[in-house]
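The values are calculated or read from the model by the stated rules, or taken from the named source; none is laboratory data. Just so it is clear, the structure is predicted and the values come from calculations on it, not from any experiment. In this analysis, Cβ positions are derived from the backbone assuming ideal geometry, glycine residues included, and neighbour counts consider all displayed protein chains. Heavy atoms of the whole protein, side chains included, go into the accessibility calculation; ligands, DNA and RNA do not. Shrake-Rupley method; radii C 1.70, N 1.55, O 1.52, S 1.80 Å.
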Amino acid sequence: MSFTPEEKEKPGIGEDVEHFEHAIPVAGPSGHHGHHKHVVTVDERLANALAVDRPNPWGKGYLRLYLASFIVFFCSTMTGYDGALLSSINALPNYTSYYGLPASGNTSTGIVFAIFNVGSMAGSFMMFLADWLGRKNAMAIGCLGVVVGTCITATAKTLPVFIGGRFLLSFMGTIASTAAPCYMIEISPSLYSGTVSGLYNTLFYFGSILASTCVYGAHLHMGDSTNTDWRLPLWLQMACPCIVLTFIWFCPESPRWLVGVGRDAEARAMLVKYHANGDEHHPLVDLTMNEMREAVAREGELNWAKFFDWRPLFNTPGRRYRMMVGIAFAWFGQFSGQNIAVYYLPKLLQNIGVTDTTKQLEYNIVYNVLGYAVSTVGARFHDILGRRTMFLISCTGMIISLSIVAGTAADFLNTGSQSASKACIAFAYGLGCSYAWAFTSMHPIYPGEVMSNDMRAKGMCLCGIVAGAGSFVSVFAAPTAMNNIQYWFYAFFAFWDVFEWLFVYFFFVETKGRTLEELEEIFNSPNPARASVNFVRIEVGEGEKEKEKA
């Protein structure tokens with residue numbers, strides 16, 4: 001196929017792809033053209049392997065992989081549960097009075113919320129456990145710690161003990177919720193990596209729904225005369241970690257970790273069973289094994305002691321670019337304005353005239369259900385539209401939504417207009433849905449995708465610290481800012497998201513349709529963002545497979 005001069009000026013189109021400007025037919029078993037074709041875009045080497053035989057995504061091995069993934073998904077519920085839990089119980093008068101917190105929110109309120117982010121930053125340094133003991137064991141240790149932290153918070157009689165329990169809960173939960181996306185990235189088949197690994201963080205909203213509905217039900221049926229309506233949801237915070245603790249032992253270990261510690265035979269057996277549906281001779285198995293071995297030969301075997309040497313994260317231009325993209329996305333994922341709705345939706349509602357506690361809890365439930373639905377659909381589109389396009393769509397939606405939230409909140413403050421209040425609520429939901437569409441599914445995944453195998457654990461540790469810092473700043477500042485500058489707080493994030501949009505467009509790398517190892521040459525190119533959108537397009541139909549450069 002050919003390109004116009006104008007097309008060659010676009011990111012990813014130009015001299016880098018001119019040698020692919022031709023169609024390469026691949027004969028199917030019957031030698032004739034099919035009628036119903038599915039088009040996917042992938043790296044050329046992966047295309048060659050898939051041209052021989054594309055594994056059935058509903059085969060026995062893939063179904064087992066999906067089941068194992070579903071177990072790991074429950075690690076993602078912990079952060080979502082905590083955010084909705086604190087947002088919901090913060091609207092309960094008996095909770096705030098028990099710990100002496102003012103209903104309007106103050107610095108102590110911010111600390112109760114933000115200590116979770118402090119624990120998250122500290123827990124990120126424990127990612128060496130994932131390189132030392134394996135991804136599965138790290139998840140199990142983290143989930144066990146969450147159970148202990150839950151027992152402390154659910155029985156805390158004083159605010160300092162409650163805050164301390166939340167720190168421990170977050171610290172241990174971070175070990176699990178950082179090892180889990182590493183695991184998902186490394187076990188996901190390349191053709192469906194965005195969908196399989198992307199679905200991981202959509203259970204953030206499952207945790208949010210679970211927490212908000214628990215608080216709502218307890219508040220309705222247990223009343224304000226006892227503390228059960230907020231103590232019970234605190235106890236239930238251990239439910240999902242217990243599921244992981246019970247079933248994680250039946251899941252396969254990451255093949256990339258296995259190769260990294262010299263257990264190649266186990267890694268190959270995992271790929272045969274789960275990626276090739278039991279076909280020992282499938283070229284996809286040999287391709288992946290060869291690439292993983294080349295990566296180990298280039299980067300060295302995994303060793304927990306290497307975790308504390310962070311020089312390899314920055315010692316080449318390609319690695320510095322990887323870290324720039326990973327760190328930027330980690331910050332964007334927590335500092336795009338969405339935390340206003342995640343943690344402080346009741347406060348936002350109160351500022352626009354919705355003061356009834358039950359009504360605030362109902363709005364919170366609707367917000368989380370919408371987020372879950374949108375993020376689940378969005379996870380599939382990462383393998384269709386690509387990461388970059390999805391991020392640009394999300395940023396555009398957040399800019400529009402935050403701008404209207406700020407404008408309608410100002411209108412309500414000045415005029416008391418109920419129409420402005422309703423519009424503000426609607427676009428607060430729009431903010432959450434815009435974020436959920438692309439950022440929720442990729443928040444813990446994309447930074448890991450852009451890292452090489454030896455960088456992944458410590459690179460995600462650094463990204464976790466940055467994400468925790470971004471969330472801490474936005475969450476800690478929110479109560480005071482929403483009281484003092486009100487709608488200007490929303491306007492600030494609208495302007496910030498314009499910067500995010502520009503950064504994504506000019507610097508973010510497309511990772512869909514490539515194995516993790518194939519990204520090495522992308523990041524070593526003069527313009528990684530441009531090089532990353534060059535793909536081979538495969539058209540798969542009945543009796544035919546064709547490929548050409550997109």
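Of the helices (runs of 4 or more DSSP H) lying entirely inside segment 188-251, those carrying at least 1 residues that are free of Cβ contacts under 8 Å to residues at least 60 places away in the same chain and in the same structural domain as Ala140 (by the TED database) are 203-222, 228-235, 239-247. Scan segment 145-159 and tell me whether some residue there is under 20 Å from the mean Cα position of the chain (by Cα), surrounded by fewer than 23 Cβ atoms within 10 Å (Cβ to Cβ) and of a type in the set (Ser, Thr, Tyr). The answer is no; no qualifying residue exists. Does segment 430-440 contain at least one residue that is hydrophobic (A, V, I, L, M, F, W, C), outside any loop (DSSP other than H, G, I, E, B) and modelled with pLDDT under 85? So far as segment 430-440 goes, no, none of its residues is hydrophobic (A, V, I, L, M, F, W, C), outside any loop (DSSP other than H, G, I, E, B) and modelled with pLDDT under 85. Look at (1) under 30 Å from Pro57 (Cα atoms); (2) open to solvent by 20 Å² or more (accessible area, probe 1.4 Å) and you find that Phe427 fails only one, number (1).
Which of the following residues is on the phi > 0 side of the Ramachandran plot, surrounded by 23 or more Cβ atoms within 10 Å (Cβ to Cβ) and modelled with pLDDT under 95: Gly278, Gly300, Gly333, Gly337?
Exactly one of Gly278, Gly300, Gly333, Gly337 is on the phi > 0 side of the Ramachandran plot, surrounded by 23 or more Cβ atoms within 10 Å (Cβ to Cβ) and modelled with pLDDT under 95, namely Gly337.
The condition of being surrounded by fewer than 22 Cβ atoms within 10 Å (Cβ to Cβ), assigned to a helix (DSSP H, G or I) and of a type in the set (Val, Ile, Thr) holds for only one of Ile163, Ile185, that being Ile163.
Quick one: which residue in Glu521, Glu542, Glu500 is modelled with pLDDT of 80 or more and surrounded by fewer than 22 Cβ atoms within 10 Å (Cβ to Cβ)?
Of Glu521, Glu542, Glu500, the one residue that is modelled with pLDDT of 80 or more and surrounded by fewer than 22 Cβ atoms within 10 Å (Cβ to Cβ) is Glu521.
Just one of the listed residues (Ile384, Ile399) is surrounded by fewer than 24 Cβ atoms within 10 Å (Cβ to Cβ), at pLDDT 90 or above and among the β-branched types (Val, Ile, Thr), namely Ile399. Of the listed requirements (1) open to solvent by less than 10 Å² (accessible area, probe 1.4 Å); (2) in contact with a Pro (Cβ under 8 Å, 6 or more places away or on another chain); (3) modelled with pLDDT under 90, Asp224 misses just one: (1). Say we look at segment 252-275 and pick out the residues that are charged (D, E, K, R) and either touching a residue at least 24 places away in the same chain (Cβ under 8 Å) or out of contact with any helix residue (DSSP H, G or I) (no Cβ under 6 Å at 6 or more places or on another chain) (or both); which of these is surrounded by the most Cβ atoms within 10 Å (Cβ to Cβ)? Per the stated criteria, the residue is Arg256. Criterion applied to Met323, Met289 was being over 30 Å from Phe507 (Cβ atoms), outside any loop (DSSP other than H, G, I, E, B) and open to solvent by less than 30 Å² (accessible area, probe 1.4 Å), and the one residue passing it is Met289.
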